[in-house]
1. Kindly establish whether residue B:268 is within 14 Å of chain A (Cβ to nearest Cβ), out of contact with any helix residue (DSSP H, G or I) (no Cβ under 6 Å at 6 or more places or on another chain) and either assigned to a loop (DSSP other than H, G, I, E, B) or over 30 Å from residue A:104 (Cβ atoms) (or both).
2. Suppose we filter B:223, B:277, B:216 for residues that are touching a helix residue (DSSP H, G or I) at 6+ places or on another chain (Cβ under 7 Å), outside any helix (DSSP H, G or I) and modelled with pLDDT of 80 or more; which single one remains?
3. Quick one: count up the residues across the range A:18-32 that are touching a helix residue (DSSP H, G or I) at 6+ places or on another chain (Cβ under 7 Å), within 14 Å of chain B (Cβ to nearest Cβ) and without any contact (Cβ under 8 Å) to a residue 60 or more places away in the chain.
4. Kindly indicate whether any position in the range B:236-246 is surrounded by fewer than 20 Cβ atoms within 10 Å (Cβ to Cβ), more than 14 Å from chain A (Cβ to nearest Cβ), in a loop (DSSP other than H, G, I, E, B) and within 18 Å of the chain's Cα centre (by Cα).
5. Taking the options B:249, B:258, B:253, name whichever one is surrounded by fewer than 20 Cβ atoms within 10 Å (Cβ to Cβ), at pLDDT below 90 and touching a helix residue (DSSP H, G or I) at 6+ places or on another chain (Cβ under 7 Å).
6. Sort out which residues of the range A:26-49 are touching a strand residue (DSSP E or B) at 6+ places or on another chain (Cβ under 8 Å) and assigned to a helix (DSSP H, G or I), and write them in order of number.
7. Within the range A:123-145, how many residues turn out to be away from every other protein chain (no Cβ under 13 Å) and surrounded by fewer than 24 Cβ atoms within 10 Å (Cβ to Cβ)?
8. Select from the range B:7-26 the residues that are more than 16 Å from the chain's Cα centre (by Cα) and without any contact (Cβ under 8 Å) to a residue 40 or more places away in the chain and list them in ascending order.
């Protein structure tokens with residue numbers, strides 16, 4: 001196995017590690033920092049793929065990932081946390097060890113599902129498809145098990161990280177137009193959700209989205 | 001088995017006996033510096049051992065022979081562990097005595113004896129400490145085994161010497177699974193050696209202590225042996241971690257020059273490891289005892305992830 005393939009595998013493993021760290025994390029600010037770190041790792045991994053395969057548009061993707069996911073989005077989220085004054089601990093709906101065990105089961109399932117698919121692919125990074133699928137699942141799990149709004153949004157963004165990794169590992173990334181569109185979507189999504197946060201807090205004095213389960217007038 | 005191999009094996013054991021208290025002293029000194037306290041002397045553990053060996057043993061009225069036998073058993077287990085782990089060279093005459101799984105068993109045997117001894121006298125603190133030790137131990141062991149399985153899959157062998165040979169003297173390959181295994185091993189060794197996130201070695205506060213609670217009834221040479229065994233355990237875990245994850249510098253075979261290089265390498269690696277240990281201990285707060293299962297559960301999870309990643313990414317090398 002060549003050095004670049006080893007590096008790609010290493011970065012993919014770090015992304016999986018960070019996905020689990022986010023799942024176990026109780027504090028909002030650390031959660032955002034972990035997300036930024038995941039974005040940085042993703043950018044590095046894309047850069048290695050771009051350098052190895054010589055696909056010019058992947059350099060653009062790597063730069064976009066770096067700017068958007070490692071710098072801009074964490075900065076916006078940090079600002080939101082400060083403005084909303086929600087530095088409290090995240091309260092998971094299920095206990096953390098249970099969540100981790102469910103996470104392991106998800107990883108096993110994703111690895112099994114991805115193995116035949118990745119054997120069809122001929123890209124240098126095909127082995128990481130299982131990890132990409134696992135990070136999508138883990139981010140999904142995080143959205144399910146968290147009751148506060150900001151961790152849910154971080155989970156949503158982490159899911160996008162996983163999808164991006166899947167696209168890079170299976171087919172050397174999506175066309176630039178699609179990628180720009182997704183990037184813009186995510187950015188606008190976070191800004192709109194930021195506005196939502198203020199609305200939710202004004203309405204319920206809390207960011208706990210369980211309040212949204214009953215919106216009917218009594 | 002050659003004569004020189006046997007001599008080097010004996011030298012490694014003597015080195016372990018001599019270096020282990022020094023490592024404990026070094027970690028304590030680094031901790032004191034990092035916490036802005038004036039540091040205790042580096043050689044304090046030796047003075048302690050000397051003092052304790054000169055003192056008389058005071059036995060509790062209800063003490064059974066187990067209580068008197070346990071310090072020797074614990075000390076013997078730790079010495080055996082130090083003899084199996086390739087510290088300087090991978091050519092160890094004692095190495096076939098036990099593979100990594102048996103090594104975990106040796107640590108387990110020591111734990112059983114010290115817990116039995118703690119419960120033997122019948123004080124409430126001893127029983128409490130023994131039970132907590134077993135709780136931590138039964139959670140730490142599977143995680144340690146998983147770490148070892150990951151490494152055994154890479155080396156195709158469970159013998160420590162073969163694993164180290166495979167990792168150290170082969171073409172350089174990045175194993176992502178080793179990163180997971182390394183993190184899990186760090187977690188486990190903190191729990192097993194009664195370091196800060198799980199236990200605080202410097203406290204006698206009854207609500208939190210684990211290791212100290214078990215040895216409250218010991219005095220004189222018994223206490224000295226147990227303290228020495230605790231240092232040896234820290235040394236054994238550090239050497240195991242260095243041998244598995246940073247095996248560079250460990251000599252292959254029994255060439256004299258390689259072994260001469262291995263000694264300063266070992267001391268340097270242990271010194272750096274001690275600084276890192278003190279740093280992690282200073283940065284973290286001790287968690288509640290009920291959080292310890294979560295801490296060790298995370299370790300187990302990382303170890304399993306390492307195994308899975310090994311299967312997914314590296315099986316087609």
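The values are calculated or read from the model by the stated rules, or taken from the named source; none is laboratory data. Here the structure is a predicted model, which means the values were calculated and not measured. In this analysis, Cβ positions are derived from the backbone assuming ideal geometry, glycine residues included, and neighbour counts consider all displayed protein chains.
1. On the way: within 14 Å of chain A (Cβ to nearest Cβ): no; out of contact with any helix residue (DSSP H, G or I) (no Cβ under 6 Å at 6 or more places or on another chain): yes; either assigned to a loop (DSSP other than H, G, I, E, B) or over 30 Å from residue A:104 (Cβ atoms) (or both): yes.
No; evaluated as a whole, the condition is false for this residue.
2. On the way: B:223 fails: outside any helix (DSSP H, G or I); B:277 fails: outside any helix (DSSP H, G or I).
Step by step, each of B:223, B:277, B:216 is checked, and only B:216 is touching a helix residue (DSSP H, G or I) at 6+ places or on another chain (Cβ under 7 Å), outside any helix (DSSP H, G or I) and modelled with pLDDT of 80 or more.
3. Step one: of the range A:18-32, the residues touching a helix residue (DSSP H, G or I) at 6+ places or on another chain (Cβ under 7 Å) are A:18-25, A:28-29, A:31-32.
Restricting the remaining residues to those that are within 14 Å of chain B (Cβ to nearest Cβ) gives A:18-25.
So of that shortlist, the ones also without any contact (Cβ under 8 Å) to a residue 60 or more places away in the chain come out as A:18, A:21.
Summing the residues that are touching a helix residue (DSSP H, G or I) at 6+ places or on another chain (Cβ under 7 Å), within 14 Å of chain B (Cβ to nearest Cβ) and without any contact (Cβ under 8 Å) to a residue 60 or more places away in the chain in the range A:18-32 gives 2.
4. Yes: the range B:236-246 contains one or more residues that are surrounded by fewer than 20 Cβ atoms within 10 Å (Cβ to Cβ), more than 14 Å from chain A (Cβ to nearest Cβ), in a loop (DSSP other than H, G, I, E, B) and within 18 Å of the chain's Cα centre (by Cα).
5. Details: B:258 fails: touching a helix residue (DSSP H, G or I) at 6+ places or on another chain (Cβ under 7 Å); B:253 fails: touching a helix residue (DSSP H, G or I) at 6+ places or on another chain (Cβ under 7 Å).
Every option except B:249 fails the conditions.
6. First pass over the range A:26-49, keeping only residues touching a strand residue (DSSP E or B) at 6+ places or on another chain (Cβ under 8 Å): A:26-28.
Within the range A:26-49, A:28 is the sole residue that qualifies.
7. Initially, the range A:123-145 is screened for residues away from every other protein chain (no Cβ under 13 Å), giving A:123, A:136-137, A:139-145.
Filter once more, so that each one left must be surrounded by fewer than 24 Cβ atoms within 10 Å (Cβ to Cβ): A:123, A:136-137, A:140-141, A:143-145.
Qualifying residue count, the range A:123-145: 8.
8. The answer is B:7, B:10, B:14.
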